[in-house]
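Below you'll find the structure, written out as structure tokens, and then a few comments.
The values are calculated or read from the model by the stated rules, or taken from the named source; none is laboratory data. Since the structure is predicted, the reported quantities are computational estimates derived from the model, not experimental observations. Don't worry about glycine lacking a Cβ; one is built from the backbone with ideal geometry, like all the others, and counts go over all protein chains shown.
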Amino acid sequence: MAMGLVRPGKRQRGSRRAPMAEINVTPFVDVMLVLLIIFMVTAPLLNTGVPVDLPDSRANALPDEAKPVALTITVEGQILLDDEPLAPGELPDRLADIAVRNADELPQVTLRADRSIDYGRVMAVMGELNRA
């Protein structure tokens with residue numbers, strides 16, 4: 001009698017292997033450590049740079065660009081031009097003066113507004129900037 005024999009090509013029911021559910025992180029850790037070493041070696045080079053002895057130049061220095069105009073709207077709705085408070089209605093005249101002084105090119109204006117003010121107030125100031 002052949003009770004424990006299995007025919008060739010047939011498997012027993014209980015001998016099936018479960019799939020491997022673990023992820024091998026060793027290669028990932030190896031790559032991360034190599035990247036860490038590369039960054040640690042190159043980081044000091046970024047701060048110091050390469051020492052180069054540049055030749056002297058006879059060319060004139062380039063003119064400094066005009067300082068950008070800072071326009072601020074405070075939480076109270078007060079408008080500040082370069083940290084100087086403006087009276088109500090004074091903004092269009094001051095913007096026109098800035099435009100006349102910088103007639104050759106458009107001045108750069110930075111608009112800062114408090115988060116809690118009405119957006120309509122910001123849009124009104126932006127409209128004044130576009131008209132100037």
Do we have residue 99 as modelled with pLDDT under 85, more than 30 Å from the chain's Cα centre (by Cα), surrounded by 10 or more Cβ atoms within 10 Å (Cβ to Cβ) and within 30 Å of residue 132 (Cβ to Cβ) here?
yes
Find the residue count for the stretch 102-132, including only residues that are loosely packed, with under 11 Cβ neighbours inside 10 Å, of a type in the set (A, V, I, L, M, F, W, C) and touching a residue at least 24 places away in the same chain (Cβ under 8 Å).
0
Of everything in the stretch 105-131, what is among the basic types (Lys, Arg) and part of a loop (DSSP other than H, G, I, E, B)? Give them in sequence order.
115
When the stretch 85-95 is examined, which residues are found to be surrounded by 13 or more Cβ atoms within 10 Å (Cβ to Cβ) and outside any loop (DSSP other than H, G, I, E, B)?
91, 94, 95
State which residue is modelled with the highest pLDDT when the search covers only the stretch 47-80 and only residues that are over 28 Å from the mean Cα position of the chain (by Cα) and of a type in the set (Asp, Glu).
76
